[in-house]
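Nothing in this text is a laboratory measurement; each read-out follows from the coordinates by a stated rule. All values reported here derive from a predicted model rather than from experimental measurement. As a convention, Cβ positions derive from the backbone with ideal geometry for all residues, glycine included, and neighbour counts pool all protein chains shown.
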Amino acid sequence: MKMDYSQVNLQYLIQTRDLIRQNPQLGAILLGIPDEMAYQLSDLSPQQLTQIIQIKSPLLSPRQEAWWWSQLFTALRHGRLDEIDAVVEHASLFLVR
């Protein structure tokens with residue numbers, strides 16, 4: 001089965017572009033690219049950015065370890081909002097390293 005991730009890619013890049021406009025360093029970390037390249041994304045017009053929908057394969061992949069995902073899924077399954085917050089906060093610690 002062939003999946004179409006074009007809309008996911010577009011939405012992710014739109015959100016990341018908007019983040020880069022506010023905080024270029026954080027946006028660069030999220031994408032795993034140098035700051036200079038992040039500025040290139042922030043300069044793209046909506047028309048230019050929508051061309052990304054031609055790419056059907058995913059442009060992003062989960063970056064967390066398997067144990068992190070296990071903790072998140074367990075917290076979600078049990079509806080533990082405090083634990084979900086702790087797991088998500090832990091992920092942001094890895095981003096700033």
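Quick notes
- Residues satisfying the stated conditions in region 30-45, i.e. without any contact (Cβ under 8 Å) to a residue 12 or more places away in the chain and part of a helix (DSSP H, G or I): ASP35, GLU36, MET37, GLN40
- Residue in region 9-29 that is without any contact (Cβ under 8 Å) to a residue 12 or more places away in the chain, surrounded by fewer than 11 Cβ atoms within 10 Å (Cβ to Cβ) and among the acidic types (Asp, Glu) present: no
- Test: GLY27 is in contact with a Ser or Thr (Cβ under 7 Å, 6 or more places away or on another chain) and under 25 Å from GLN64 (Cα atoms): yes
- Count of residues meeting criterion [closer than 17 Å to SER61 by Cβ and over 14 Å from the mean Cα position of the chain (by Cα)] in region 6-46: 1
- Matching residues in region 54-68 - criterion: being without any contact (Cβ under 8 Å) to a residue 12 or more places away in the chain and either surrounded by 13 or more Cβ atoms within 10 Å (Cβ to Cβ) or part of a loop (DSSP other than H, G, I, E, B) (or both): SER61, PRO62, GLU65
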